[in-house]
1. Identify the residue in the stretch 154-173 that is more than 30 Å from residue 445 (Cβ to Cβ) and crowded, with 17+ Cβ neighbours inside 10 Å and, among all such residues, is modelled with the highest pLDDT.
2. Condition test on residue 322, is it in the same structural domain as residue 378 (by TED's automatic domain parsing) and either crowded, with 23+ Cβ neighbours inside 10 Å or more than 30 Å from residue 341 (Cα to Cα) (or both)?
3. Answer with yes or no whether residue 184 is at pLDDT 95 or above, assigned by TED's automatic domain parsing to the domain that holds residue 403 and farther than 30 Å from residue 231 by Cα.
4. Would you be able to tell me the number of residues in the stretch 282-295 that are within 14 Å of ligand 4 (Cβ to nearest atom) and assigned to a loop (DSSP other than H, G, I, E, B)?
5. In this structure, does residue 219 turn out to be surrounded by 17 or more Cβ atoms within 10 Å (Cβ to Cβ), in contact (Cβ under 8 Å) with a residue 12 or more places away in the chain, outside any loop (DSSP other than H, G, I, E, B) and within 16 Å of ligand 4 (Cβ to nearest atom)?
6. So, of the residues in the stretch 108-125 that are surrounded by fewer than 16 Cβ atoms within 10 Å (Cβ to Cβ) and in contact with a helix residue (DSSP H, G or I) (Cβ under 9 Å, 6 or more places away or on another chain), which turns out to be nearest to residue 81 (Cα to Cα)?
7. Restricting the search to the stretch 425-442, which residues are in a loop (DSSP other than H, G, I, E, B) and surrounded by 14 or more Cβ atoms within 10 Å (Cβ to Cβ)?
8. Specify which of the listed residues (298, 334) is assigned to a loop (DSSP other than H, G, I, E, B) and in contact with a strand residue (DSSP E or B) (Cβ under 9 Å, 6 or more places away or on another chain).
Ligand code: NM2
Ligand code: OGA
Ligand code: ZN
Ligand code: ZN
């Protein structure tokens, strides 16, 4: 017999006078796959926590001799309605779990592989109309046991269930905000972190990465002049992102440059490697040797510039966010030592599904020759590109400063545009300008941050 709407589960009556202390189970809640750590109740067998039954098993009130933790550690109540199992935890939070979701996420070894932590249950097996025939609380194990209409039996522990919110995200990354900036972000205001702190302390590492998320720009100092330190810094997060320019790269004026970055030419504001479908997320440029003869760094927040443009010139914004531009590069692949020819088409301003600004790709020196808009529209594209370019250089948007030796500029390569003024290398110069560069991907950064956030909880 299927349980009717609002019928309460009678199992609570079985042990209603004395249940397991809510503190008997300590929960760690790494996102998003809770690993369970159990701990015995600190208050031993005399624990006074009780649930008392009131009325005919339809309502319960609690008598708690010591206040519950503000994190739920036990289930107080459970009932089944049309589509969900409704739980009330001992911190008075409520949660509803749809039947189909519970069945889909059964954690038994038939449905879920314990080693890979991945789902075994097949969509073809899942009945979206599945219903519980019986659901009960197992107080000693603090779990819900459900017997399903498809004859399966599932058990869900409170430790696992209580951290799952189906209405809002549990991901710590979703709690981070973005803050747009303009030229008020003078060099002394750029969030700055010490290489040594980042290497020795995970909370400094987290703060650095969180700040990169928020502002898209930070400085790491104390790097000295060791050209391997940039790799050490990247590896503190993850493996660096390999590209056709290598695992890391030397930015020096070079007699046989395979990129304009490896000359002394001015580099107008740009994002790197837009000819990859998946552009590197973050770039780090470590100044090993600065130049007396130019080579100052420039930055602008592409999100702010795009946001202002959307308000001030919606037509140009529309062109920049809808028309795909080609980006190309070719040469000898630094790692595979084979010829490469990379090409991708994308709009300068990429919007997400909600129409919000998600990504900027802008690079004049690797912009392709081909255009897909038809001859009549070509001038419109050039006008839009020029408007975006001059908006980046407006006084209110541009910051410019000389990176000091031992400092690294770190920036979101899909948001913040970077450039440099021209520089020269005088004949016979023994200490030419030298930056060491590396890329890291956002997926890896967020993954590392989640891991640290779990540990710091
Ligand atoms: N480098 C520095 O997108 C670009 O071509 C920018 C990239 C050569 C790896 C330069
Ligand atoms: C680069 C770059 C800036 C600089 O290497 O991608 O933009 O200051 N370099 O040399
Ligand atoms: Zn199962
Ligand atoms: Zn660059």
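The values are calculated or read from the model by the stated rules, or taken from the named source; none is laboratory data. All values derive from a computational prediction rather than experimental measurement. Neighbour counts run over all protein chains shown; Cβ positions are idealised from the backbone, glycine included.
1. Filtering the stretch 154-173 for residues more than 30 Å from residue 445 (Cβ to Cβ) gives 154-158.
The next check asks that each one be crowded, with 17+ Cβ neighbours inside 10 Å; those that pass are 154, 156-158.
Working: 154: 98, 156: 95, 157: 92, 158: 87.
Taking the candidates together, the pick is 154.
2. Numbers: in the same structural domain as residue 378 (by TED's automatic domain parsing): yes; either crowded, with 23+ Cβ neighbours inside 10 Å or more than 30 Å from residue 341 (Cα to Cα) (or both): no.
In short, no.
3. Details: at pLDDT 95 or above: yes; assigned by TED's automatic domain parsing to the domain that holds residue 403: yes; farther than 30 Å from residue 231 by Cα: yes.
In short, yes.
4. So the answer is 1.
5. Numbers: surrounded by 17 or more Cβ atoms within 10 Å (Cβ to Cβ): yes; in contact (Cβ under 8 Å) with a residue 12 or more places away in the chain: yes; outside any loop (DSSP other than H, G, I, E, B): yes; within 16 Å of ligand 4 (Cβ to nearest atom): no.
The answer is no for residue 219.
6. In this case the residue turns out to be 123.
7. 425, 429, 432, 433, 441
8. On the way: 298 fails: assigned to a loop (DSSP other than H, G, I, E, B).
Exactly one of 298, 334 is assigned to a loop (DSSP other than H, G, I, E, B) and in contact with a strand residue (DSSP E or B) (Cβ under 9 Å, 6 or more places away or on another chain), namely 334.
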